[in-house]
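Chemist: Take a look at the following structure, please.
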Amino acid sequence: MDNSIGKQVFRGTVIIVLVGIVAKITSFILEAVLAAYLGTTFQSDAYYMVSSIQAVIYPMLSVGVWKVFLPLYKDKYARGKIAEADALSNQMISFFSIVSFLAVAGLVLMAGPVVSIVAPGFEGETKELCIKLLRISAPKYFFIVAAAIYASMLQAHGKFFGSQVREIASHLPTIIGALFFYKKFGIEAMAVALVAGGIIRLLIELPFVNWGYKFHPDLRFKTSEFRIMLKRLPSALISEGVGQINTLVDKVMASALPEGTISGLNYGGKLSSVFGGLLSGAITTALYPQMIEMIARKKIHELARLVTKIINIFCVLMIPITIACMLFSRELVTAAFQRGTFAEESTAMTANIFSLYCLGLFFSASNSVVSNIFYSFGDTKRPMFISLINLGINVVLNLCLIQMLGVNGLALATSLSAMITFFVRIVLVNKYVQLEYKKIVLTFLKVLGASGVACLLPRILFWIYPVNPWLILIISAVLGILIYLGMNKLLRVKEWDELAEIIKKRFWSLFIE
């Protein structure tokens, strides 16, 4: 791999990880505060259903626009066509400001039918509260796309800190709302806080846009670049939207289950994202602009080697995390959430959901990287079709497994669908790059064996000698890491050595240039 590209990927990954750690801590504090105040009640079900609707719309718009806009903007910027790149940004912001205004108005007017569709099991005060919260929080969507466009521009300029710090700031209003306004104004204060978070998400990016760009309304929507963007955008929006609709489908089905089920799905999903999403999301985000650049330089073979290496690194990192989270799910949920109105009953339900969501961590992480290969080549249709396949598989599995396992079946279906579509992606991606599948399979099997031994031994120890959950987690983490490192040496998992060497060589270079 080109040294400059490797250094940029590493630099971006470290910055995003460091910011992401703070963001995840902030998100964890937010979830812990909400769990303590809301617990698993009808109010929490209504609030988290509104959050689930936002969890569909936000990534669909934010990530969908990012994946289509960034390649076009990065290409112009790399070729020195700064004025054209800025003009495209202005057109995008202008267009989506109009669309967002209409969408917010429609959501306010149609909040009732929307809730009836996404939460058919809601009745009475739960349904009415959900409609009310959705209307209050609707203006948040006006700021989503503009923030995504600015984030894309910042990443194209290598300003990863500026593009990621918004994730920290956007959580603060909800934490403040829960701590200081919930008791006086009720759950409605949390909906207002969501809007405030959306505004802050955009405003905090603006000081980092310091290369001379200034927004000017531009309604020239017939330029060739803008038409290309509009042509690719629908399939990209569907791809990202379907991924989030999977989560919403789980909660639609869960709305017919006993009270508190939706909240349990939310807590379990959020906790699994803390362990699975931080590093994988950072690598994927930092890698995407560089993948576009490698394709522009016609370095396809090198791109294939890079993606193979990234998937192997995900094996080394995600598989032990997956097994550890599944074996220690009860202790992790207890430490994270069990306080206030979040009692042992809530912990038991959430722990099962959490462990089953974790089953798909490696596959979800790898899916993101492989999908970006399609987007980097300007192909938005294949990711869309794969996403629709994923949705269909998830729905079928949901219908089958919910009958046997209840709410646990919904979490298991999500992980199984991620596994199946991973194999679909790596087959279809052969059109563009030839990944080194034998290396991936060999690394996966070695790491699976090492992780199983490293996680199972501490688990057996504390089944025999149970102690405080916090003590179990601390001792198990130390023992597990030591055993895992030893097993990697024994099984000659070279990806771990390569990862350590990369960190050793390049970490200090971050502070030199």
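Chemist: What residues qualify as long-range amide H neighbours of Asp218, i.e. H under 5 Å apart, gap of 5 or more or another chain, H built at 1.01 Å from N?
Modeler: Close amide H contacts, sequence-distant or interchain: Ser94.
Chemist: For the pair Phe385/Glu345, report the inter-label distance in nm, with labels modelled 7 Å from Cα in the Cβ direction.
Modeler: The answer from the label model is 4.9 nm.
Chemist: Further question on the same structure: Which order do you get for Leu134, Leu317, Leu109, Leu206 if you rank them by accessible area with a 1.4 Å probe, largest at the top?
Modeler: Leu109, Leu206, Leu317, Leu134
Chemist: Magnitude of the Cβ-charge dipole of the stretch 144-256, K/R +1 and D/E -1, about the Cα centre, nearest 20 debye?
Modeler: 240
Chemist: In square angstrom, what is the accessible area per residue of the chain with a 1.4 angstrom probe?
Modeler: 42
Chemist: Select from Ala191, Ala178, Ser387 the residue farthest towards the positive end of the dipole of the chain; place +1 on Cβ of Lys and Arg, -1 on Cβ of Asp and Glu, and compute about the Cα centre.
Modeler: Selected residue: Ser387.
Chemist: May I ask you to evaluate 6.51 cos²θ - 1.76 cosθ + 1.60, the Karplus curve with θ = phi - 60°, for each residue of the stretch 486-494 and list the ³J(HN,Hα) values in order in whole Hz, giving x for glycine and proline?
Modeler: x, 5, 4, 5, 5, 8, 6, 7, 5
Chemist: To the nearest 10 square angstrom, what accessible area does Val333 show with a 1.4 Å probe?
Modeler: 0
Chemist: Just the Cα atoms of the chain: what Rg and Dmax do they give in Å?
Modeler: 22.6, 70
Chemist: State the extension gain, in nm to one decimal, for the chain segment bounded by Ile29 and Leu445, taking 0.36 nm per residue of separation less the distance between their alpha-carbons.
Modeler: Here the segment from Ile29 to Leu445 would lengthen by 146.2 nm.
Chemist: Next question. At a probe radius of 1.4 Å, what is the per-residue accessible area of Trp496, in Å² to the nearest 10?
Modeler: Solvent-accessible area, nearest 10 Å²: 70 Å².
Chemist: Give the separation of the Cα centroids, the stretch 114-174 to the stretch 329-362, in Å.
Modeler: What the calculation gives is 25 Å, centre to centre.
Chemist: Do the alpha carbons of any pairs in Lys24/Lys74; Lys140/Lys270; Lys222/Lys381; Lys76/Lys299; Lys132/Lys231 sit beyond 24 Å of each other, and which pairs?
Modeler: Over 24 Å Cα-Cα: Lys24/Lys74; Lys132/Lys231.
Chemist: Quick one: how many Å² of Tyr484 are accessible to a 1.4 Å probe, rounded to 10?
Modeler: In the full protein context, Tyr484 sits at about 20 Å².
Chemist: Test of understanding: what is the full-extension gain from Val467 to Gln403, defined as 0.36 nm times their sequence separation minus their Cα-Cα distance?
Modeler: Extra length from Val467 to Gln403 when fully extended: 19.5 nm.
Chemist: Lone cysteines in the chain, going by a 4.7 Å Cβ-Cβ cut-off?
Modeler: Unpaired cysteines in the chain: Cys130, Cys315, Cys400, Cys455.
Chemist: Of His171, His301, which has the most accessible area with a 1.4 Å probe, and how do the rest follow in descending order?
Modeler: The residues order as His301, His171, largest area first.
Chemist: While we're on this one: Compute the FRET efficiency between Phe423 and Phe215 as 1/(1 + (r/R0)^6), taking r as their Cβ-Cβ distance and R0 = 35 Å, and round to the nearest 0.05.
Modeler: Efficiency at R0 = 35 Å is approximately 0.20.
Chemist: Any idea how far apart Leu457 and Ile117 come out in nm if each label point goes 7 Å out from Cα toward Cβ?
Modeler: Taking the simple label geometry, Leu457 and Ile117 are separated by 5.4 nm.
Chemist: Residue-wise, which Karplus ³J(HN,Hα) couplings in Hz belong to the stretch 100-115, taking 6.51 cos²θ - 1.76 cosθ + 1.60, θ = phi - 60°, and x for glycine or proline?
Modeler: For the stretch 100-115, the Karplus-derived couplings read 5, 4, 5, 5, 5, 4, x, 5, 5, 6, 10, 4, x, x, 4, 5 Hz, x marking Gly and Pro.
Chemist: Taking R0 as 25 Å, what FRET efficiency do you get between Leu230 and Leu109 from their Cβ-Cβ distance, rounded to the nearest 0.05?
Modeler: Efficiency, from the Cβ-Cβ distance: 0.45.
Chemist: Mean residue ellipticity at 222 nm from the helices of the chain, using -39,500 (n - 2.57) per DSSP H segment of n ≥ 4 over the full residue count, to the nearest 500 deg cm²/dmol?
Modeler: After summing the helix terms and dividing by residue count, I get -27500 deg cm²/dmol.
Chemist: Now a separate question. Taking the Cα centre of the chain as origin, work out the dipole magnitude from +1 charges on Lys and Arg Cβ and -1 charges on Asp and Glu Cβ, in debye rounded to 20.
Modeler: With only Lys, Arg, Asp and Glu charged at Cβ, the dipole is about 1520 debye.
The values are calculated or read from the model by the stated rules, or taken from the named source; none is laboratory data. Everything quoted here is computed from the prediction, not taken from an experiment. Here the Cβ is made from the backbone with ideal geometry for all residues, glycine too, and neighbour counts use every protein chain on show. Just the protein is used for accessible areas: all its heavy atoms, side chains included, with ligands, DNA and RNA removed. Shrake-Rupley method; radii C 1.70, N 1.55, O 1.52, S 1.80 Å.
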